[in-house]
Amino acid sequence: MRYAEVAEAAWSWALDQVRWDDDGPWIPEFVGETEPNDYRDSMHNGIGGLAHFLAELRLTRPWTAAEHSLATAIADRMRATIPTTTTTTFFNGLTSSLGVLTALDEKGTSSVLDRLRELETADGWPETFLDTPSYTDRAVAHGNDVTLGTGAILLAALWAIRHGEDASTLANHAVDLLLSEQEELPTGVNWDFVPRRFCIGEPAEMPNFSHGLAGIAAVLALAGVELGRPELVDVARRGAEHLVTLGITDDKGFRVPRIIPWAERHGDEFTFNWCHGGAGTALVFSALEYADVQQVAGESPETWRRRCLDSVRYSGIPERLHPGFWDNDGRCCGTAGVGDAFLDAWQRDGEKQDLEFAVRMGDSLLEHAYHEGDHAFWRFIEHRNEDPLLPPGVGWMQGAAGIAAYLLRLQRAVDGDQRVVERMENWWAVRR
């Protein structure tokens, strides 16, 4: 039970970080913060993320009375914020709230959809983070990607449809916006994070899952199936065909630079995490398999998916090979997210090597854990700091709750339990 024991110790520590005020529960992003930040309710680093841990936990054991109370309070908080929330993103906004409520099997998803419709414009969903000197003032509704832009709205709408909500009109509007922004190329089609016409200076591409082409193509492939629009599957296939021209395919798999054009100031050209590396990029090929696409650039989607995973397997992670390489244990950018991707693959394909690699990730997390009494947590590294050890993170994507959830899932897997928590960003990857 070693993975479960450390997971429970980390969860106990995370619960000790929960704070309460007149508006309900909140957590600090990092230990030492005394006030809620702007993202107090988010899935990424706020109280909403604990809902996803609770969803994982209930496959391991029944919730305690305190956990039931926390789940209720999180759901109440989510519902209370819906009418005034103006951001829509997967990490921090209404898409995040939808994921939190479905994780807890709580009511309120229809209100999220109503709010998304209220915020909808002909150009998209405005986001204040796009109001920067890097973009013109017309960029605020023109993010494309699957975590912060129009792709996130589509991801949310499809997830809502799968939970019995009527979100097809919302989904089709998001689809039409993405189709209007596709860039036709001799090698296929492409989407930038923000369309080039709104960029001041030469834009950089982030073509992997979280902020670029791979994520957008993945959600369009899913939409093609769920909305009965086969033309979307073909557009997604053409996006994947362009994607494979951006990367390297060799005896170490298929890998795409995390940023194009790359410069030395960006650090390593390739990473291997969920956000910007092969663990996440594999999801586009899983989506194309789900859509029954037979070939991408002359190979099956399964072959490309396997090459993405091979790139991770042969990368050297989870070893910290040099300063700045693999200094993160979290879900978004580190070891827990990679482990989860390999468990998805194992549960989909039954390949022993995938489970073995997931176990290797779990063992690394045990090695990196800090223990204080009955508690456990993790400290990531920023090698450029004078003190490279960062304070412990609490939440889902970059903290103890997310890492602990992976360890719980890994424990079930090695014990032969095939049950899996389907989430908005992975449900198609774990289905055979």
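Determine which member of the set Ala204, Ala223 is modelled with pLDDT of 95 or more and under 23 Å from the mean Cα position of the chain (by Cα).
Numbers: Ala204 fails: modelled with pLDDT of 95 or more.
After ruling out the rest, the residue left standing is Ala223.
Could you pull out every one of the strands (runs of 3 or more DSSP E) wholly within region 188-261 that has 1 or more residues that are out of contact with any Pro (no Cβ under 8 Å at 6 or more places or on another chain) and among the charged types (D, E, K, R)?
On the way: elements: 188-190, 248-250, 253-255.
Here the list reads 248-250, 253-255.
From the list Ala122, Ala139, which residue is over 23 Å from the mean Cα position of the chain (by Cα), among the small types (Gly, Ala, Ser) and either within 23 Å of Leu243 (Cβ to Cβ) or surrounded by fewer than 19 Cβ atoms within 10 Å (Cβ to Cβ) (or both)?
On inspection, the qualifying residue turns out to be Ala122.
Could you tell me whether region 169-183 includes any residue that is of a type outside the set (Phe, Trp, Tyr) and either over 26 Å from Thr86 (Cα atoms) or in contact with a strand residue (DSSP E or B) (Cβ under 7 Å, 6 or more places away or on another chain) (or both)? Give the derivation first.
Taking region 169-183 first, the residues of a type outside the set (Phe, Trp, Tyr) are 169-183.
Next, only the ones that are either over 26 Å from Thr86 (Cα atoms) or in contact with a strand residue (DSSP E or B) (Cβ under 7 Å, 6 or more places away or on another chain) (or both) stay: 182-183.
Looking for residues that are of a type outside the set (Phe, Trp, Tyr) and either over 26 Å from Thr86 (Cα atoms) or in contact with a strand residue (DSSP E or B) (Cβ under 7 Å, 6 or more places away or on another chain) (or both), one finds at least one in region 169-183, hence yes.
Restricted to region 262-277, and to residues that are of a type in the set (Gly, Ala, Ser) and not in a strand (DSSP E or B), which residue is surrounded by the fewest Cβ atoms within 10 Å (Cβ to Cβ)? Steps first, please.
Going residue by residue through region 262-277, those that are of a type in the set (Gly, Ala, Ser) are 263, 267, 277.
The next check asks that each one be not in a strand (DSSP E or B); those that pass are 263, 267.
Working: Ala263: 9, Gly267: 15.
If we take residues in region 262-277 being of a type in the set (Gly, Ala, Ser) and not in a strand (DSSP E or B), then Ala263 is surrounded by the fewest Cβ atoms within 10 Å (Cβ to Cβ).
Name the residue that is most open to solvent (accessible area, probe 1.4 Å), counting only residues in region 49-70 that are assigned to a helix (DSSP H, G or I) and without any contact (Cβ under 8 Å) to a residue 60 or more places away in the chain. Explain how you work it out, then say what you get.
Restricting attention to region 49-70, the residues satisfying the condition of being assigned to a helix (DSSP H, G or I) are 49-57, 65-70.
After this cut, where a residue has to be without any contact (Cβ under 8 Å) to a residue 60 or more places away in the chain as well, the list is 51, 54, 65-70.
Details: Ala51: 0, Leu54: 0, Ala65: 81, Ala66: 71, Glu67: 7, His68: 98, Ser69: 72, Leu70: 8 Å².
The residue in question is His68.
Using the structure shown, decide if Leu158 is within 21 Å of the chain's Cα centre (by Cα) and either at pLDDT below 95 or of a type in the set (A, V, I, L, M) (or both). Please lay out each step first, then the result.
Values: within 21 Å of the chain's Cα centre (by Cα): yes; either at pLDDT below 95 or of a type in the set (A, V, I, L, M) (or both): yes.
It is true that Leu158 is within 21 Å of the chain's Cα centre (by Cα) and either at pLDDT below 95 or of a type in the set (A, V, I, L, M) (or both).
The values are calculated or read from the model by the stated rules, or taken from the named source; none is laboratory data. Nothing here was measured: the structure is a model prediction, and the numbers come from that model. Cβ atoms come from the backbone with ideal geometry, glycine included; neighbour counts cover every protein chain shown. Ligands, DNA and RNA are stripped out before the accessible areas are found, and what is left, the full protein with its side chains, is counted by its heavy atoms. Shrake-Rupley method; radii C 1.70, N 1.55, O 1.52, S 1.80 Å.
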